[in-house]
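All of the numbers you see were taken from the coordinates with simple rules; none came from a lab. These numbers were taken from a predicted model, which means no experiment stands behind them. Here the Cβ positions follow ideal geometry from the backbone for every residue, glycine too, while neighbour counts run over all protein chains shown.
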Amino acid sequence: MAARPVTPTTAGKVPARTDLVVAGVRADRLDDDLAAAGVSPAFAEASGFTGKADGSLLTPAASGAGADVLVVGLGPAADVDANRLRAAAGTAGRRATRHGRVAVTLAEQAADGVDAGAATQAVTEGWILGAYRFDEHRTSPTESKVTAVTLTAGTTKAAKDAVARGVAVAGGVTLARDLVNQPGGSLVPAQLADRIKAVGAETGLKVRVDTPTQMRRKGLGGVLGVAQGATNEPRFVELTYEPKGAARGHVALVGKGVTFDTGGYSLKTAEGMKGMNSDMGGAAAVVGAMSVLAALGAPVRVSGYLPLVENMIGPDAIRVGDVLTIKGGTTVEVLNTDAEGRLILADALRVASAAGPDAIVDLATLTGAIIAALGQRTAGLFGTDDLVGRIRSVAAASGEAVWPMPMPAHLRPGLDSDIADLRNISGGRYGGSPVAALFLREFVGEGIPWAHLDIAGPAWITEAPYGEVPKLGTGFGVRLLADLLVGWEPLT
């Protein structure tokens, strides 16, 4: 587990004993904001600091007395919303490791119309997420000298509540990051299920864990088939959050949980296997989001369904051309064993549908094609129009980027098999992400609003860190799901 960043507190002004002040600088108010922060505009110009978003500049205290100043670019003043503040605080959290007592004044520079509570919550989240490190397997962990973090957001109950919400949400994200960052050999399905049980005990979630014997009774042929080549047994986890008097319905979440993916006999390259411990990012996001629902007071009943497997090669591994029987009796010809995620999700979607929820949202690191289409920072969003529209709106507010994608009808016949009900890939080379979504749609109960988030890009980042987003596991989807469920209203 990673060392936890210092939890912020609030105050009305910068404390007298402060080693570093973090201030925001708006690009179109550059000189004024620099002067207010006590930074020379000439020094900033010589350093190439322009106030653009994600830029930062550390300035030593004048004459060695007082606090050092870290200015973080916010871009144009009109663009300074909660997302911009979160990213700026993340940049500060990543950079500010050499000062003991830190004061953060970022929330004061939100644009007109930005809710003060939302700004404070965003800065809290950003600081914690930017300061996050995963050092469990290092002999010399990254050291931070930070001992106290103060947000100059005031001492009102509203300010304290905003910080508490930010701490809770950031805790869910860091939980998901911790799970995703664990090497595949350190978190096999049974170990992940045990971790989820511990999370449930800590946060009031009900947790049920099915072993292979129980899965056979339930007819989970997709999960069992993918797991055939692995020494480590699969697990199927059901999570339940049920607040008293839940009056806004029932939402089901499904998360792909492949703890390591070799591709099976459709073997990945050595390069392609790097980072495949992250193939359970969807399951991790569901766990992280559900872990904070009680703290945030979400008013809706939520069920989570997590198929946990390794996709390995072994004497009993499924072969190309084998046929699996998914829960409910649908048969699937496996023409690519590396398209395994959709097989385990098919079972989970059938289980979720049988519970009769008002909506289903699944998250999965499903296709490399979505990364080719949208890059590493954006998830592909498929599904029914009403739920897709709502998720788009929530994602924009949560700062987790999604983009709606089509499911063209002309691609569906490519999933027809010559020997079974379906095949797990199409016969063509193109449209890999929509084809995967079309496959999943076959297992969603009739009339149930459904959304599929292909998070293969933003769940695991190989580029440089930015804003509050680190390299490797990001915890993508936790904020989006938490915001969606806290504000849930029945679909009309």
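Over the chain, what is the relative contact order in whole percent, taking alpha-carbon pairs under 8 Å and six or more residues apart? Kindly include the intermediate steps, with their values, before the conclusion.
Values: 1194 pairs, mean separation 77.8, N = 492.
Once normalised by length, the contact order is 16 percent.
DSSP beta bridges fully contained in the range 174-486 are about 50 percent antiparallel. Shown for the chain: lysine pairs separated by 8 or more places, or found on different chains, whose C-alpha atoms are under 24 Å apart, numbering 21.
Taking label positions 7 Å along the Cα-Cβ direction at both A201 and T9, the computed distance is 3.1 nm, reported to one decimal.
When the helices in the chain are scored as -39500 (n - 2.57) per DSSP H run of 4 or longer and the sum is shared across all residues, what 222 nm value do you end up with, to the nearest 500 deg cm²/dmol?
Values: 16 runs with 169 residues, N = 492.
Theoretical 222 nm ellipticity from helices: -10500 deg cm²/dmol.
List the chymotrypsin sites (Phe, Trp or Tyr not before Pro) within the range 83-136 that DSSP assigns to loop and that have no more than 14 neighbouring Cβ atoms inside 10 Å. Present the calculation step by step, with values, prior to reporting the outcome.
Details: sites: W127, Y132, F134; in loops: Y132, F134.
When the chymotrypsin sites (Phe, Trp or Tyr not before Pro) of the range 83-136 are filtered for loop state and at most 14 Cβ neighbours within 10 Å, nothing remains.
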